[in-house]
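Okay, structure first, notes after.
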Ligand code: YCP
Ligand code: CO
């Protein structure tokens, strides 16, 4: 796994809880529903325009402006300004996930360059997990994580717990994180990798194939939602979700469904154009 904790912040958890709750009550942006199933929302705190409705990530090449949402979050603002070089920050967003899942994907493939993405969970519990390739892990509140967004990755809250995480995108190359982040302010942190997943045997594979007897255009999202949660419980890789989906569509005999599932894998993992969306 290339994602790694850069360190841990010593934070005031009651102030964090207060601000996580303020975030959860903000009006959410409608962006990225093609990657998310269940409750997933993003709230723009800093971007290129200061407008919180300007919510599709892109390079803006300017000094970032905070949106009105950030003004109600003094502690979050203090954390961001203390940890990051504000001149290198492009976007700051808060992501909320509750009983929801982000389908495995690769970020930045629609751009000519890449960025450095950092996550700081501010409200989480053990039901909230990330996956990168074949590794499932948990980020603790206050940890500062370099997230390799170019790897195949996803995330989930597998319960009704609503997790809030700050996502900071930096104008910087992965090898240069120390120039944009005050790593000297962070205490050491070790990754918490989940090792209690079940091995996939023949019964597992039969169960996946049997979904072909059930999948239709109308429940495609439901089946995807189920499959996208499977690698958190079974020893699989994030990209296997698409193989299972395509296999189920093949079993169904509906060629239009097979084409949709293949195109969805292309969109999430391989290639997409800037501002392209996907009709799930
Ligand atoms: C982004 N990628 O890069 C989004 C966040 C999942 C897909 C949500 O901004
Ligand atoms: Co991502």
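Each reported figure results from applying straightforward, stated rules to the coordinates on display, with no laboratory input. The model shown is predicted, which means the values in this text are computed figures rather than measured ones.
A compact table of results
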item	result
Normalised contact order of the chain, rounded percent, pairs of Cα under 8 Å and 6 or more residues apart	22
The stretch 1-53: relative contact order in percent, alpha carbon pairs under 8 Å with at least 6 residues between	25
Calculated diffusion of the stretch 51-202, Stokes-Einstein form, Kirkwood radius summed over Cα pairs, 25 °C and 0.890 mPa s, µm²/s	148
Relative frequency of Cα-Cα separations exceeding 12 Å in the stretch 61-114, percent	76
Square roots of 5 times each gyration tensor eigenvalue, C-alpha, the stretch 13-112, largest first, Å	21, 20, 12
Mean residue ellipticity (222 nm) of the chain, computed from DSSP H runs ≥ 4 via -39,500 (n - 2.57), nearest 500	-7500 deg cm²/dmol
log₁₀ of I(q)/I(0) at q = 0.16 Å⁻¹ - the chain, Debye sum with one point per alpha carbon	-1.29
Contact order normalised by residue count of the stretch 1-159, Cα under 8 Å, 6+ apart, percent	29
Kirkwood hydrodynamic radius of the stretch 140-234, Cα pairs, Å	17.3
Computed log₁₀ I(q)/I(0) - Debye formula, equal Cα scatterers, no solvent, the stretch 204-251, q 0.17, 0.29 Å⁻¹	-0.42, -1.19
Separation between Cα centres of the stretch 95-168 and the stretch 26-57, rounded to whole Å	15
Radius of gyration, Dmax [the stretch 107-155; alpha carbons; angstrom]	11.8, 36
